[in-house]
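So the structure is just underneath, and the comments pick up after that.
The values are calculated or read from the model by the stated rules, or taken from the named source; none is laboratory data. Fair warning: this is a prediction, and the values are worked out from it, not measured in the lab. Backbone-built Cβ (ideal geometry, glycine too); neighbour counts: all protein chains shown.
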């Protein structure tokens, strides 16, 4: 079965600082046409910072889109042409005030491939060294050192709701088991 859609035309309807919204018209394998709303984003990183083998450094941050303060792993958007590993180091330092002597990539994921092409690269940061927080002027975050043994219960109880945070933390727990 042929699954690929053929792009017929594409129109940008909004271009912002973080995202661009476009409408694509595609031809389906059946010959019918359909419209697709696509959010363009240059990509991002997220970092699971381990203070030690028992403690992860999370951040609390208010998220206007959902109207809640969320508990998350540090994350940020790639600058144009910025390699993900350099972005991860920059965001870790800016948001937490730590740098990592050891940084390894865990995985990359599409956040919402039904309407966005954003790719998120997730890293594990270990052997942290305190250097001082350097938040962007529009960022308000609170550091939240959290015992790793509490993570699964916090996810199940809805205390951690952010998908990148859940995926990164569960992968880290899995790696630490071995």
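How many of the residues in the stretch 75-98 are in contact with a helix residue (DSSP H, G or I) (Cβ under 9 Å, 6 or more places away or on another chain) and either part of a loop (DSSP other than H, G, I, E, B) or surrounded by fewer than 18 Cβ atoms within 10 Å (Cβ to Cβ) (or both)?
Step one: list which residues in the stretch 75-98 are in contact with a helix residue (DSSP H, G or I) (Cβ under 9 Å, 6 or more places away or on another chain), which gives 75-79, 82, 98.
Filter once more, keeping what is either part of a loop (DSSP other than H, G, I, E, B) or surrounded by fewer than 18 Cβ atoms within 10 Å (Cβ to Cβ) (or both): 77-79, 82.
Qualifying residue count for the region: 4.
Can you pull out every residue in the stretch 109-127 that is under 18 Å from residue 165 (Cβ atoms) and more than 16 Å from the chain's Cα centre (by Cα)? Within the stretch 109-127, just 126 meets the criteria. Sort out which residues of the stretch 112-125 are within 25 Å of residue 173 (Cα to Cα) and surrounded by fewer than 16 Cβ atoms within 10 Å (Cβ to Cβ), and write them in order of number. Residue satisfying the conditions is 112 alone.
Could you tell me whether residue 41 is in contact with a strand residue (DSSP E or B) (Cβ under 9 Å, 6 or more places away or on another chain), within 23 Å of residue 111 (Cα to Cα) and either surrounded by fewer than 11 Cβ atoms within 10 Å (Cβ to Cβ) or modelled with pLDDT under 95 (or both)? For residue 41, the condition - in contact with a strand residue (DSSP E or B) (Cβ under 9 Å, 6 or more places away or on another chain), within 23 Å of residue 111 (Cα to Cα) and either surrounded by fewer than 11 Cβ atoms within 10 Å (Cβ to Cβ) or modelled with pLDDT under 95 (or both) - is not met. Criterion applied to 32, 60, 17 was being within 23 Å of residue 141 (Cα to Cα) and surrounded by fewer than 11 Cβ atoms within 10 Å (Cβ to Cβ), and the one residue passing it is 17. Of the listed requirements (1) in contact with a helix residue (DSSP H, G or I) (Cβ under 7 Å, 6 or more places away or on another chain); (2) surrounded by 13 or more Cβ atoms within 10 Å (Cβ to Cβ), residue 165 misses just one: (1).
Going residue by residue through the stretch 125-142, is there one that turns out to be under 27 Å from residue 20 (Cα atoms), at pLDDT 95 or above and outside the structural domain of residue 24 (by TED's automatic domain parsing)? Within the stretch 125-142, not a single residue is under 27 Å from residue 20 (Cα atoms), at pLDDT 95 or above and outside the structural domain of residue 24 (by TED's automatic domain parsing).
Determine which member of the set 58, 140 is farther than 16 Å from residue 163 by Cβ and in contact with a strand residue (DSSP E or B) (Cβ under 9 Å, 6 or more places away or on another chain). The match here is 140. Of 148, 111, all but one fail to be outside the structural domain of residue 21 (by TED's automatic domain parsing), touching a residue at least 24 places away in the same chain (Cβ under 8 Å) and within 26 Å of residue 39 (Cα to Cα); the exception is 111.
Quick check on residue 169: is it assigned to a strand (DSSP E or B) and in the same structural domain as residue 104 (by TED's automatic domain parsing)?
Working: assigned to a strand (DSSP E or B): no; in the same structural domain as residue 104 (by TED's automatic domain parsing): yes.
The answer is no for residue 169.
Counting only residues that are exposed (fewer than 14 other Cβ atoms within 10 Å of the Cβ) and more than 15 Å from residue 62 (Cα to Cα), the stretch 134-149 holds 4 of them.
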